[in-house]
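Below is one structure, written out as structure tokens; the observations come after it.
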Amino acid sequence: MTPKELSRYEIIKRLIRKEINGSEAAKQMDLSVRQVKRIKARVIKEGPKGVIHRSQGRKGNRGLNPEILEKVKYWLRTRYADFMPTFAMEQLDERHKIKLSKEKVRQVMTDLELWKPKPRKEVRP
């Protein structure tokens with residue numbers, strides 16, 4: 001449990017013991033009263049697990065298939081090592097039918113050390 005979830009659990013316990021009301025709990029947790037009611041019901045039903053977010057520990061929906069990522073790394077290393085990210089993206093799409101965003105190709109190239117991001121400009125006082 002994260003510290004945030006622990007503090008939420010303590011607030012919900014106080015709410016269940018009726019030391020505070022729902023709107024006060026909502027203010028303390030920076031949530032709506034409706035959401036506090038939902039969390040309270042889950043804590044009553046499941047105990048401390050009711051506070052933990054349901055998608056904790058799951059893989060994200062936007063993840064790239066590892067097989068495709070390995071193919072992209074292979075092609076970038078062997079054929080497109082000296083290309084810029086936009087052109088590499090276009091070649092991957094045209095020649096290999098692998099559609100990725102320019103930004104994703106840039107990230108992969110940076111990880112493979114084929115592309116170095118431009119240094120940020122210094123801010124003058």
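Rule-based calculations on the coordinates, nothing more; no lab input. Owing to the predicted nature of the structure, the values given are computational and were not obtained by experimental measurement. Cβ coordinates were reconstructed from backbone atoms using ideal geometry, including for glycine residues, and neighbour counts include every protein chain displayed.
At-a-glance table
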| read-out | value |
| --- | --- |
| Residues within the range 27-60 that are of a type outside the set (Asp, Glu), in a loop (DSSP other than H, G, I, E, B) and at positive phi, tallied | 1 |
| Positions within the range 63-77 being within 15 Å of GLU113 (Cβ to Cβ) and either surrounded by fewer than 15 Cβ atoms within 10 Å (Cβ to Cβ) or of a type in the set (Gly, Ala, Ser) (or both), in sequence order | ARG77 |
| Tally, over the range 38-53, of residues that are among the charged types (D, E, K, R) and surrounded by 15 or more Cβ atoms within 10 Å (Cβ to Cβ) | 2 |
| Hits in the range 83-94 (condition: touching a residue at least 12 places away in the same chain (Cβ under 8 Å) and in a loop (DSSP other than H, G, I, E, B)) | MET84 |
| Residues of the range 1-26 satisfying the condition of being within 14 Å of GLY47 (Cβ to Cβ), of a type outside the set (Lys, Arg) and in a helix (DSSP H, G or I) | GLU5, LEU6, TYR9, GLU10, ILE12, ILE16 |
| Residue match in the range 6-29 (condition: within 30 Å of ASP111 (Cα to Cα) and touching a residue at least 40 places away in the same chain (Cβ under 8 Å)) | no |
| Among the candidates LEU64, LEU69, residue that is out of contact with any Asp or Glu (no Cβ under 6 Å at 6 or more places or on another chain), of a type outside the set (Asp, Glu) and part of a loop (DSSP other than H, G, I, E, B) | LEU64 |
